[in-house]
Amino acid sequence: MKQTFAILIIGLLLIGCKVKTSNEKETQEKKVVFNQVLADELSKMAEVDQIAAYIPQGDYKKMTNEQWNSFKDSVFTTHQKRVKQVFDNFGFPGYDLVGEKGSSDFWLIVQHSDHVPEFQLEVLKKMKKEVDKGNANSRTYGLLVDRVKLNTGQAQIYGTQLAYNMEICQAYPRNLADSINVNKRRKEIGLEPLEEYLNDMTEMHFEMSKEFYAKKGVTKPKLYKTE
């Protein structure tokens, strides 16, 4: 009888330990402290990243092509090394760690890290987990999916990565898989129909390149029909 009672007590203690351990794990998983310093750093990096990703503006117009390309390469390489450190420490930074803007800024820098597609793929896998938890943006996730697909020799699936017909000023998706069902896939992650996206990007491209198209006699962009 005493032996049975002792075994029962030990069993209860073990169960209690398991419950405590489980609760401790849940608490640890929930303990993500907002990191304002990191969010501010990512914001500053993203600003420079956008300058490098855009056409030369202001004083940057004075650079030669060689100088501009060197500047761009330096920005993308330096920033990728830093976000790699962030990624190694935190995984994909979600809203809880750096806010929506900070998370978007991190994504932007990764999106432009085409020189290391294997790193982009690593980030993509971790980002998917945060998207599933509602802790990262599903739309920008789709843009990174397509970027990784193309950078690894595959067809993209959401049609977010574009090229332009410079004769008529019209955007079109590069190497798109299963184009018939693309809008269904886009809707699943919160993206607008492809035709609307292409028209928005076409109009933006036209505004950026008006001087070029004026020389070709193109006075307006070629848009797609939308429903």
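The values are calculated or read from the model by the stated rules, or taken from the named source; none is laboratory data. Everything numeric here is computed off the predicted structure, so don't read it as measured data. Note that we place each Cβ from the backbone using ideal geometry, even for glycine, and neighbour counts take in every protein chain shown. What goes into the accessible areas is simple: the full protein's heavy atoms, side chains included, and nothing from ligands, DNA or RNA. Shrake-Rupley method; radii C 1.70, N 1.55, O 1.52, S 1.80 Å.
A few comments on the model shown:
- Lone unmet requirement of (1) open to solvent by 10 Å² or more (accessible area, probe 1.4 Å); (2) within 11 Å of the chain's Cα centre (by Cα) for GLU122: (2)
- Of the residues making up the stretch 51-79, just one is closer than 26 Å to VAL98 by Cα, at pLDDT below 95 and part of a helix (DSSP H, G or I), namely ALA53.
- Odd one out for LEU194, checked against (1) within 15 Å of GLN156 (Cα to Cα); (2) touching a Leu at 6+ places or on another chain (Cβ under 8 Å): (2)
- Those helices (runs of 4 or more DSSP H) of the stretch 80-165 in which at least 2 residues are hydroxyl-bearing (Ser, Thr, Tyr), considering only elements entirely within it, cover 95-111, 138-151.
- Selection from the stretch 154-206 of residues that are closer than 21 Å to HIS112 by Cβ and open to solvent by 70 Å² or more (accessible area, probe 1.4 Å): GLN154, ARG174, ASN175, ASP200, MET204
- In the stretch 181-209, the residues that are of a type in the set (A, V, I, L, M) reach residues that are at pLDDT below 95 with C-beta atoms within less than 9 angstrom, at least six apart or across chains, in these pairs: MET208/TYR54; MET208/ILE55.
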